[in-house]
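Below is one structure, written out as structure tokens, with a few remarks after it.
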Amino acid sequence: MQESLFDGSDTAEPILMTLYAEYYDLIWQGLKRHEFRRRFLAGQSTRWWVYLNAPVSRLRAVIDLGPAVVDTPERIAAVAEQVRAGNGASVLEYVQDLEQAYAIPILRVREYEGLSADDLRAQLGSWHPPQGYLRLRNPGNLDMSRICEKLLAEEPIREMTVHHP
């Protein structure tokens, strides 16, 4: 059965966010089990459509995320350090000026052939990757939602479940 953004069977909030390919590769290597963000949605699961930044420049994957851990920068950095030794310092540097930061558990990853930036421009009229994240259920993002819906209907190239201790 095809999954859907809007069929009501999935309570995960659909979002679109960018990611650098180097971090995406770490997910597949099992070295990145959380996404760290300066701001994010709290208290709910999300389904993340991943646009890989240049030089890849491609809508490429769908990642199911658990509810974010929201805590002090020091505690969020400790989560990063626990998963990959040496990563805590870079996460702390990224979030240290905040009162709270977000560690979002990665649960499932599916990779697709996807769409290039040129493909997205052709379908949308213009395309600029989001700086933060786009909530795909917002009325202004319905065209992008339809594109993401089509991606989810494709057969994944590869997929994996991420296990957390």
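The values are calculated or read from the model by the stated rules, or taken from the named source; none is laboratory data. If you're wondering where the values come from, they're calculated on a predicted model, not measured in any experiment. All Cβ positions, even for glycine, are placed from backbone atoms using ideal geometry, and neighbour counts span all protein chains on display. Heavy atoms of the whole protein, side chains included, go into the accessibility calculation; ligands, DNA and RNA do not. Shrake-Rupley method; radii C 1.70, N 1.55, O 1.52, S 1.80 Å.
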* Can you confirm whether region 104-117 contains a residue that is without any contact (Cβ under 8 Å) to a residue 40 or more places away in the chain and outside any strand (DSSP E or B)? => no
* Which residue out of 56, 50 is more than 11 Å from the chain's Cα centre (by Cα), β-branched (Val, Ile, Thr) and open to solvent by less than 70 Å² (accessible area, probe 1.4 Å)? -> 56
* Might you let me know whether region 94-116 holds any residue that is surrounded by 13 or more Cβ atoms within 10 Å (Cβ to Cβ), out of contact with any strand residue (DSSP E or B) (no Cβ under 9 Å at 6 or more places or on another chain) and more than 29 Å from residue 76 (Cβ to Cβ)? => no
* To do: Specify the residue that is farthest from residue 85 (Cα to Cα); the eligible residues are those in region 31-41 that are part of a loop (DSSP other than H, G, I, E, B) and open to solvent by less than 60 Å² (accessible area, probe 1.4 Å).
  => 41
* For residues that are under 23 Å from residue 25 (Cα atoms) and open to solvent by less than 30 Å² (accessible area, probe 1.4 Å), scanning just region 125-164, find the one that is modelled with the lowest pLDDT. => 132
* Structure fact -> Here the qualifying pairs (Cβ atoms under 9 Å; residues six or more apart or on different chains; first in region 148-165 and in contact (Cβ under 8 Å) with a residue 40 or more places away in the chain; second open to solvent by 100 Å² or more (accessible area, probe 1.4 Å) and among the polar types (S, T, N, Q)) come out as 149/2; 152/2; 153/2
* Structure fact -> Checked pairs for region 70-81, first surrounded by fewer than 19 Cβ atoms within 10 Å (Cβ to Cβ), second of a type in the set (S, T, N, Q), C-beta under 9 Å and 6 or more apart or across chains, list as 70/100; 71/100; 72/100; 74/96; 81/87
* Asked: If a residue has to be touching a Pro at 6+ places or on another chain (Cβ under 8 Å) and aromatic (Phe, Trp, Tyr) to count, how many in region 50-96 make the cut?
  -> 1
* Verdict on residue 122 being among the hydrophobic types (A, V, I, L, M, F, W, C), surrounded by fewer than 13 Cβ atoms within 10 Å (Cβ to Cβ) and either in a helix (DSSP H, G or I) or touching a helix residue (DSSP H, G or I) at 6+ places or on another chain (Cβ under 8 Å) (or both) -> yes
* To do: Provide a single number: the residues in region 132-143 that are polar (S, T, N, Q) and more than 16 Å from residue 59 (Cβ to Cβ).
  => 1
